[in-house]
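Asker: This is the structure I want to talk about, given as structure tokens.
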Amino acid sequence: MPFQSKAAIASTSNGLSFVPIKGAMPVPTDGVTAAQQASAYSSYAVADDVVLPEGFTYDVIAAWGDRVGDSRFGYNNDYLSYVEVRPGEGYLTVNHEYISAKPWLQTFEQVTGKALPIEAVTAAAEAAGEDGIDVTALEDETLKGQIAEISREALIDLGLSVIYVRKQADGSWVRVAAPTDRRITGISGLEDNRYLKATGPAVAIFRKQRGIGYVDGLGDRIIGTFNNCAGGTTPWGTVFSAEENFQDFVPEPVNADGTSLDPSEKPFFLTETEMGGKGNPFGLAGNKYGWMVEVDPANPNDYGTKHTWLGRFRHEAVAVRAEAGKQLAFYSGCDRRGGHIYKFVSQVTISDPKSKANSRLLETGMLYAAKFNPDGTGRWIALAPSTTVNPDLPSVHAGGMITLPKRPTGGVEKYTDDAAVEAYKRQFPTLGSLYTGFDREKQGAILIDAHFAANAAGATCTGRPEDTELAADGSVFIAFTSGSPSSSDGSPDKRVFQGPNGETPYEHGWIFHLIEDGNDPAAMTFRWENFATGGEPAEGGLGFSNPDNLAFDNSGNLWIVTDMSSDKHNIAIPSRTKADGSAVSQSDLRGLFGNNSIWFIPTSGANAGEAYLFGYGPMDSEMTGPFFTPDQQTLFIAAQHPGEIGGVRENMAIETRQFAMKTVNGEMFMQTREVPIGSNWPTKGENDPPKPAVIAIRRTSGAAI
């Protein structure tokens with residue numbers, strides 16, 4: 001019997017509303033018996049497209065380079081927010097995270113019509129080597145201008161786009177020109193006076209005219225926003241955008257008074273595959289990036305507010321809990337190896353969850369970081385000057401290292417010895433002893449240095465938290481992408497973050513469920529459980545690797561997308577043992593999983609916790625920002641960085657590769673896989689440039705997804 005027929009039978013018996021697609025890896029929910037999987041999966045062809053179940057289609061809404069206001073639609077779109085104005089139309093706010101250097105450099109002129117001095121700058125960057133180029137100190141004005149030109153165009157392609165969309169009579173979605181259309185870029189304010197604003201204690205640091213470190217002289221005005229990854233939408237119709245890997249653009253560590261390190265600490269560099277230090281040519285102050293940015297899409301004059309009570313770290317997502325008569329709670333994660341989960345609780349209670357006045361509640365309150373205990377309990381630790389310094393010891397971390405604020409100088413320092421951390425605790429009894437300034441300034445400095453302050457306070461180091469999503473009952477689901485360690489950032493607590501068989505470190509990720517005690521958003525204690533674990537089914541995983549963005553539909557089902565590193569997609573695994581006899585690493589085994597994908601997981605009923613494959617993305621891409629329309633008939637989603645590794649797919653290039661696969665029962669078999677090299681998505685014509693784009697997924701019948 002053909003594969004699709006078996007899957008159709010399985011989906012009917014499971015009560016699914018779609019027939020799961022066939023991915024590269026056998027899974028328990030694919031409708032194929034374990035005994036038949038080796039045969040059914042012996043060959044597989046990857047498509048350079050968004051592949052969906054039968055009966056579904058998609059519309060391309062906007063792609064890199066499209067006109068938006070007085071600018072262009074940006075690059076590498078991530079979080080999406082749809083705020084409905086009336087049924088079938090509304091504002092679509094789109095994040096733009098970073099530049100994928102290879103396809104961006106390769107196709108920039110073709111897409112935008114502008115030529116850049118790429119060869120000259122690349123040659124200068126190669127000559128500079130690993131030290132990079134401190135553009136602010138350059139005497140060569142020509143080169144200085146050339147680097148600034150490339151950096152400016154790259155920063156224009158980051159930030160946010162606000163566009164207006166409408167559903168047509170045939171069910172398809174299109175853009176409609178609107179006076180609210182606008183770009184908020186990485187250089188907004190630099191030349192156009194469209195500065196971003198800020199609230200909260202860190203404003204006291206921004207307004208300093210002098211300090212220990214670098215001060216940009218702009219006071220509380222902020223130039224731009226970049227590395228806009230995940231986000232969230234409030235009940236009052238505003239959108240929050242998370243500034244994530246800002247450390248690639250400006251210095252991340254700060255001084256004890258919260259002032260920035262000098263821009264020279266993050267010089268510009270450019271290679272064929274990477275571009276960094278883009279804030280250096282413009283003297284951007286590092287302490288003004290790494291925040292949550294709030295934007296009202298309906299206000300054409302709103303270019304964003306950074307609420308500093310939400311903390312400065314590598315933000316991913318925000319779950320907003322707003323209930324009348326209760327305090328406002330914001331949940332967010334720091335997407336780094338060893339990053340933390342945070343909760344902001346407002347001082348004032350909410351009257352009307354839909355009132356735009358609720359944004360003012362973010363101006364007073366407290367930021368907390370989560371402590372996960374191995375027994376399934378947890379508590380929230382205030383990031384306040386009075387909080388005791390009590391970091392977890394290096395020995396409890398999968399990588400055996402923790403980073404702490406370096407004192408008396410600024411920056412951070414790695415600790416690998418338990419005794420040294422015990423001595424640190426004796427030297428610095430409270431967070432206030434690590435930072436300087438008057439009360440509000442000291443609180444501002446702690447928020448600016450939130451990740452390292454949370455390390456010092458004893459918050460649990462976790463496995464790259466990428467998304468926080470609020471369930472209908474007020475509980476929070478958290479995607480932890482990877483438990484592998486980093487020699488520079490850190491690693492998760494190995495007592496909490498373990499694979500299905502107790503493995504630590506564990507690469508493939510988890511989804512946790514956090515329930516506040518008393519179901520109170522302001523509770524200081526909680527319970528947690530592991531809801532889903534990534535990895536191969538034969539090893540106890542659900543069949544996906546590296547869960548990322550999450551979304552709930554109106555029936556309470558959880559939708560997830562994955563974020564495997566682009567360089568791991570479809571890498572050949574002809575054997576699980578290397579030539580030297582050692583095992584292929586968990587990281588490289590991600591090649592078995594194929595492209596990044598979209599999954600459906602019921603959270604209740606007979607199939608709760610089972611993962612069903614709904615789709616996968618184009619070559620080298622990551623599907624991001626899933627967001628349902630209120631009628632559940634459309635799923636907006638983005639394809640980020642198609643062609644990131646292969647660049648333009650030339651002449652429909654394809655390779656045949658071998659993979660040592662396992663059935664769900666652990667039977668080994670060899671798969672022959674056809675893999676396109678590079679991408680031509682979304683236009684899909686031969687030799688077309690790959691472009692990040694936003695799409696609307698819908699049923700051809702017009703029914704709810």
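The values are calculated or read from the model by the stated rules, or taken from the named source; none is laboratory data. All values derive from a computational prediction rather than experimental measurement. So basically every Cβ, Gly included, is an ideal-geometry build from the backbone, and we count neighbours across all protein chains shown. For accessibility, only protein heavy atoms count, side chains too; no ligands or nucleic acids. Shrake-Rupley method; radii C 1.70, N 1.55, O 1.52, S 1.80 Å.
Asker: What ranking do 100-113, 632-645, 119-132 get when scored by the average of other Cβ atoms within 10 Å per residue, highest first?
Answerer: 632-645, 100-113, 119-132
Asker: Sticking with this one: If you find the alpha carbon centre of segment 671-705 and of segment 78-122, how far apart are they in angstrom?
Answerer: Spelled out, the Cα-based centre of one part sits 17 Å from the other.
Asker: If the cut-off is 20 Å between C-alpha atoms, which lysines fall inside it for Lys684, apart from same-chain ones fewer than 8 positions away?
Answerer: Partners within reach: Lys102.
Asker: Also, quick follow-up: Excluding ligands and nucleic acids, what accessible area in Å² is computed for Met524 using a 1.4 Å probe, to the nearest 10?
Answerer: 70 Å²
Asker: Want the number for Thr57 to Ser487: 0.36 nm per residue separation, take away the alpha-carbon distance, what's left?
Answerer: In short, 150.5 nm is gained.
Asker: To the nearest 0.05, what FRET efficiency results for Glu363 and Thr136 with a Förster distance of 51 Å applied to their C-beta separation?
Answerer: 0.90
Asker: Distance from the Cα centre of segment 546-603 to that of segment 381-452, in angstrom?
Answerer: 34 Å
Asker: Next question, about the same structure. Let me understand segment 449-557 better: what is its radius of gyration from the alpha carbons, and its Dmax, in angstrom?
Answerer: Spelled out, the Cα radius of gyration and Dmax of segment 449-557 are 14.6, 42 Å.
Asker: For Lys662, go through the lysines and keep the ones whose alpha-carbon is under 23 Å away, minus same-chain ones fewer than eight residues off.
Answerer: Lys6, Lys22, Lys568, Lys578
Asker: Under unit Cβ charges (Lys, Arg +1; Asp, Glu -1), what dipole magnitude, rounded to 20 debye, does segment 30-96 have relative to its Cα centre?
Answerer: That gives a dipole near 100 debye.
Asker: Could you give log10 I(q)/I(0) at q = 0.08, 0.10 Å⁻¹ for the chain, computed by the Debye formula over C-alpha point scatterers of equal weight, without solvent?
Answerer: Taking Cα atoms of the chain as identical point scatterers yields -0.58, -0.95.
Asker: Oh, and also: Taking a cut-off of 21 Å between Cα atoms, list the lysines near Lys144, but don't count ones fewer than 8 places away on the same chain.
Answerer: List returned: Lys114, Lys266, Lys278.
Asker: Another question, if that's okay. Keeping all protein chains in position, work out how much accessible area Lys578 exposes to a 1.4 Å probe, and write it in Å² to the nearest 10.
Answerer: The value for Lys578 is about 100 Å².
Asker: I'd like the Karplus ³J(HN,Hα) series for segment 363-373: coefficients 6.51, -1.76, 1.60, θ = phi - 60°, whole numbers in Hz, and an x wherever there's a Gly or Pro.
Answerer: Per-residue couplings from phi come out as 8, 9, x, 8, 9, 10, 10, 8, 10, 8, 8 Hz.
Asker: In segment 65-167, which trypsin sites (Lys or Arg not before Pro) fall in coil by DSSP and have 12 or fewer other Cβ atoms within 10 Å?
Answerer: Lys114
Asker: What size of dipole, in debye to the nearest 20, comes out for segment 170-328 about its Cα centre when the only charges are +1 on Lys and Arg C-beta atoms and -1 on Asp and Glu C-beta atoms?
Answerer: It works out to roughly 500 debye.
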